[in-house]
Amino acid sequence: MTRARCAATRAPFPDAMAPAPGRTTAPEPARTTAGPAAITDVVDASGSTFVPGMVDCHSHLTLPGGAHWIERIDDPPERLLAVAERNARLMTAAGVRWARDVGAPRIEDPVDGRLRALSLGVRDRWRGRPGFPHVRAAGTWLDRNGTMPGARTVTGLEPWEALGAATWRGGDLLGEPEAGVIREGGPADFSLVHGDPLSDPTALWRVWHVAWAG
């Protein structure tokens, strides 16, 4: 892995999550392309599992969620931008490295004064910001007046299929070959979780360490 700021040792890697050969490989603990000066932290990852930085392909960064989330779309833009900052911290803590924003209110951005979807300003200001996810933003949503898009829930996936959907398949959707994969020589974007997400999917809720490559 390159641009590493942390070296994690003695953690297993879920090879089965990569049905496509060569998409995901386990780095050998004794080998790294980063010299000692590039490593600022060493983490004992024994008992944990490496998981590639996940990809959220359907997010609304400026919306707070909750039972009455539709009503909150009309909150003041300053409030919605504060919500986006909180959502970024939550995503990072959960191991989400990429976010695809699929809709935000079109309103004057209180930071730059531009009239456009708030998510576009969020995307631009987060670019290169340490500890924040990479963002793809569609702009505002496209829909008929008075309606909101419906949601579809996909069930019945095997654990490795679900994990693949949240990692490298999401990267494929974004056209980002480095998103959702761990490979030798690639960016050190991964999280460590307690347990094995292939036998216990709830292990993905137990993220205890996140390492982003800058």
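The values are calculated or read from the model by the stated rules, or taken from the named source; none is laboratory data. Quick caveat: nothing in here was measured; it's all calculated off a predicted structure. Using ideal geometry, Cβ is built from the backbone for each residue, glycine included, and neighbour counts are taken over all protein chains shown.
Within segment 64-78, does at least one residue satisfy the condition of being among the aliphatic types (A, V, I, L, M) and at pLDDT 90 or above?
no
Just to check your reading of the model, which residue among Asp200, Asp189, Asp196 is modelled with pLDDT of 80 or more, in contact with a Ser or Thr (Cβ under 6 Å, 6 or more places away or on another chain) and either crowded, with 17+ Cβ neighbours inside 10 Å or over 20 Å from Gly103 (Cα atoms) (or both)?
On the way: Asp200 fails: in contact with a Ser or Thr (Cβ under 6 Å, 6 or more places away or on another chain); Asp189 fails: in contact with a Ser or Thr (Cβ under 6 Å, 6 or more places away or on another chain).
Only one candidate passes the filter, namely Asp196.
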query = Any chance segment 90-100 includes a residue that's polar (S, T, N, Q), surrounded by 12 or more Cβ atoms within 10 Å (Cβ to Cβ) and modelled with pLDDT of 90 or more?
reply = yes
